[in-house]
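What follows is one structure encoded as structure tokens, with my remarks underneath.
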Amino acid sequence: MIELDSGVLALALDALPIFPLPDVVLFPRALLPLHVFEPRYQALLADCLATHKCMAMALTVGVGGDSGDPERPGVARIAGAGIVVQHQALGDGRSNIMLHGRARVLLEELPFEPPYRRARARVLQEVGSAPDAQRAALRAAAVAFVSAARRRDVEIELELPADIDAAGAADLCAHHLVLDPAVRQRALEELDVGARVLLVTAELAGQAARLGGDSGASN
């Protein structure tokens, strides 16, 4: 286990390494396992481990982006910044790592310096709150979807701590339970906590309904 420095993310923001992936969105508070095998991302990881241990997970949004290079796809400007908290070297350059999501960040990509991309990043602060009734509805929608998935023999599980706040619950539900990466990205970009809770609740209720579950189930 790698020890964390709570202020280490701030040290990385001027040139935050970007790890772009399709379908992957990292939320604050969430843990994301990754298998690192491409040489450029092996280099990215090596640099991270030797310095601040931070990187941005950015959802790819097109082929080639502004550069026209398929090796450098377009990425969403709002990404999840995380810190490597576990690292398992596999002996052939590949690694298994665990990222702990720490913040939403706005990326301003820097000129490309091979082998990987970097961005000047700014931490985005969430605003507002959600009433207890909305948090309860979110929890109920999560339970309903998990129950519906299990009835279809889909192994999925999320236990929300009883004392988690609405923002944390929305982030963890979006990270672990929302299936559509575009909706996960919308939830990441939504800084208003109340609006994010409603978005994730509605998506989970819809997923449960599509699986034949009862979106009105309660915990």
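Structure values in brief
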| read-out | value |
| --- | --- |
| Mean residue ellipticity (222 nm) of the chain, computed from DSSP H runs ≥ 4 via -39,500 (n - 2.57), nearest 500 | -11000 deg cm²/dmol |
| Cα→Cβ-extended label distance, 7 Å offset, between Glu71 and Leu11, nm | 3.1 |
| The chain: relative contact order in percent, alpha carbon pairs under 8 Å with at least 6 residues between | 22 |
| Whole-Hz ³J(HN,Hα) from phi, Karplus 6.51 cos²θ - 1.76 cosθ + 1.60, for the range 97-103, glycine and proline x | 10, 10, 9, 9, x, 10, 6 |
| Protection-proxy order for peptides 185-193, 110-118, 78-86, each taking the mean of Cβ atoms within 10 Å per residue, highest first | 78-86, 185-193, 110-118 |
| Added length on full extension, which subtracts the Cα-Cα distance from 0.36 nm per residue, Leu179 to Ala202 | 7.0 nm |
| Rounded, prolate or oblate (a/c below 1.5 giving rounded, otherwise prolate when a/b exceeds b/c) for the range 121-184 by Cα gyration tensor | oblate |
| In degrees, nearest ten, helix 132-151 long axis to first principal axis of the chain (Cα) | 90 |
| Separation of the Arg122 and Gln86 label points, Cα + 7 Å toward Cβ, nm | 3.5 |
| Amide H within-cut-off set for Ala103, under 5 Å, with H built and near neighbours excluded | Ala81 |
| Amide hydrogen neighbours beyond the local backbone of Leu26, cut-off 5 Å, H modeled | Gly80 |
| FRET efficiency, 1/(1 + (r/R0)^6) with R0 30 Å, evaluated for Arg210 and Asp163 via beta carbons | 0.45 |
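Values quoted throughout were computed directly from the atomic coordinates according to the rules given, and no laboratory measurement underlies them. In this text the structure is predicted, and so the values were computed from the model without any measurement. Ideal geometry is used to build each Cβ from the backbone, glycine not excepted, and the neighbour counts take in all protein chains shown.
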